[in-house]
1. Let's test the formula: R0 of 30 Å, r as the Cβ-Cβ distance of residue 394 and residue 423. What FRET efficiency results, to the nearest 0.05?
2. Would you mind counting up the charge near residue 131? Only other residues with Cβ under 12 Å from its Cβ, with Lys and Arg at +1 and Asp and Glu at -1.
3. What is the calculated FRET efficiency for residue 9 to residue 413, with r their C-beta to C-beta distance and R₀ = 41 Å, to the nearest 0.05?
4. For residue 532, go through the aspartates and glutamates and keep the ones whose alpha-carbon is under 13 Å away, minus same-chain ones fewer than eight residues off.
5. Take residue 359 and residue 246, extend 7 Å from each Cα along the Cα→Cβ direction, and tell me the distance between the two endpoints in nm.
6. Shape call for the stretch 244-337 from the C-alpha gyration tensor, a ≥ b ≥ c root eigenvalues: rounded (a/c under 1.5), prolate (a/b greater than b/c) or oblate?
7. In this model, which of 82/349; 82/212; 300/490; 160/219; 293/490 are farther than 27 Å apart at the alpha-carbon?
8. Residue 33: which lysines have alpha carbons under 22 Å from its alpha carbon, excluding same-chain residues fewer than 8 sequence positions away?
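Derivation of every value follows stated rules applied to the coordinates shown; laboratory data play no part. Bear in mind the structure is a predicted one, so any value in this text is a computation, not a measurement. Note that each Cβ is placed from the backbone with ideal geometry, even for glycine, and that neighbours are counted across all protein chains shown.
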Amino acid sequence: LFPVAVRGSEGLYMVNGPPSFTESTAFPRDSGKNCKAVAFSKDGSLFAWCNGEKVNVVNVTRAELLHSFDLPKTVCLEFSPKNNVLATWQAYATAKDGTAGVPNLQLHDLRTGKCLKSFIQKKMQNWCPCWADDESICARNVNNEVHFFENNSFNTIANKLHLQKVSDFVLSPGAQPTKVAVYVPGSKGAPSFVRLYQYPNFGGPQSALANKSFFKADKVTMLWNKKATAVLVVASTEVDKSGASYYGEQTLHYVGASGESAVVRSKNGPIYDVAWSPNSVEFCAVYGFMPAKATVFNLKCDPVFDFGTGPRNAAYYSPHGHILVLAGFGNLRGQMEVWDVKNYKLISKPVASDSTYFAWCPDGEHMVTATCAPRLRVSNGYKVWHYTGAVLHAHEVPCEQEVWQVLWQPFPDGVFPQRAVRCPAAGGELPGTQPRPAQAYRPPALRNRPGTTSRLHEDEPPQNMKPQLGGCDKPLSKAALKNQRKHEAKKAAKQEAKADAHQGPAQVKTPQNALQNTVPAMTTGDPEVDKKIKNLKKKLKAIEQLKEQAAAGKQLEKNQVEKIQKEAALLKELEDLELGV
């Protein structure tokens, strides 16, 4: 069983995972309506929450209360990776006389229950210190410096990384040595930059493992891969000066720990989401104006597989990396595409309407979607899915109640073995979970006529971008494919014309009287008339060429279209001249 914690106006409780979905008796429901924060430890063995009176810490497996801290205003909680420290944050407030307020960030020793250290942390953003996975290093950003503590000894700063106006930093996951990615925003015409360091080598730019500078960045998101060999940097501006996007402008950069860097090329438009595969050698990006594209890239930033276009703005790899979900949440309709990553085969296309949250279960088989307040205050609830598209459990709270948060209990890596991907639907789907597709409005006069299939956008199909065996050709671009199709159509039209010519005069090319095109040239005895006939035939030949170009897909100019429209009149004039009318 993998419990799901649910926090809302009905209180805080846990629901057992598949297959029972009953409320957990091991964790008694906390019915208070002021539960502001919950957190599982990284391995899922501990659970903490603040109910507006105290911060409680329990052992989930033994259902045992370990500690209770008198911190009623706590709004953020976080466990250290090895469960030695609990970090709590309360909103900062100055004293009435204007003097500095009391420290609002506390670090508690979970073995003794004592407070190890208190800090003043005014902003909620990046409030929590960052630990290395083995807790040998802990770091926090203080006044444009990154302060490092070792072995949870917070009374002594072991090291400092000082760069002008350090805005953000991220520690690498995994074993030692720990690497640090830092971001410094640009100022006075200087570019922004991201640098990678290996702790504790901070001796200037020369000691950096890698450096990537760029313009057009008001903020960045830095994502390490699991093996700590590379960082993806999404640089964003709040305003797109070209006016093309309401959401600002984004660029995606790749920075390797070995020093290499690159810009990940993508089509124009926003970058909605980027996700590393757990195998650390591929990543998926969702980008471009709607309908958005989704593409898997390798470490050389070359496309591996293009999923085409669709209504999506998020990507979620399963914990084992064998399944990828592309979804459109928020202002989209909640359509999901579940893909087998190994074979790039579409498994299912479920729809989770009005969802504001998605998460994989640690077993890599199940998913949860939820509609939570304050993002949406109606139809709050959650659903548990199997990746084949079946809804195994659905819960919707009464209309006067709200759900604020839903989260799976985590488990350490390796607890659940990877299972083979299967496509048949798992049983247990609730009836009526798939919403009826909305029908486009049609005026009464058109309702009994066959519908049209006109669309604002033509969807691009999925495409394998890997070079095929037996050839080393690179995949053709969209423009190259279009040109290739035009060339093939033109070639086919020419072959058809040749075939018509070889079949003799009985085969008539034009729909009207064009027999004169297949008979030998003759003279009327009048040089002026012969000249007119020659000119008319020349014009008709030009019209035939224009018609072939149109058939091959070429866009004709307005005067060329008018020439084609005059074909019937020219044929009539030619016939009259040849008959001597």
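1. Numbers: r = 23 Å, r/R0 = 0.75.
With a Förster radius of 30 Å, E is 0.85.
2. Working: positive: 42, 82, 140; negative: 78, 133, 134, 135, 150.
Charge balance in the 12 Å sphere: -2.
3. Numbers: r = 35 Å, r/R0 = 0.85.
So the FRET efficiency works out to roughly 0.75.
4. Once the sequence-local aspartates and glutamates are set aside, what remains near residue 532 is 573, 575, 576, 578.
5. A separation of 3.0 nm, rounded to one decimal place.
6. Details: a/c = 2.09, a/b = 1.23, b/c = 1.70.
The shape class here is oblate.
7. Details: 82/349 38 Å; 82/212 33 Å; 300/490 37 Å; 160/219 23 Å; 293/490 31 Å.
The answer is 82/349; 82/212; 300/490; 293/490.
8. Straight-line reach from residue 33, under 22 Å: 54, 73.
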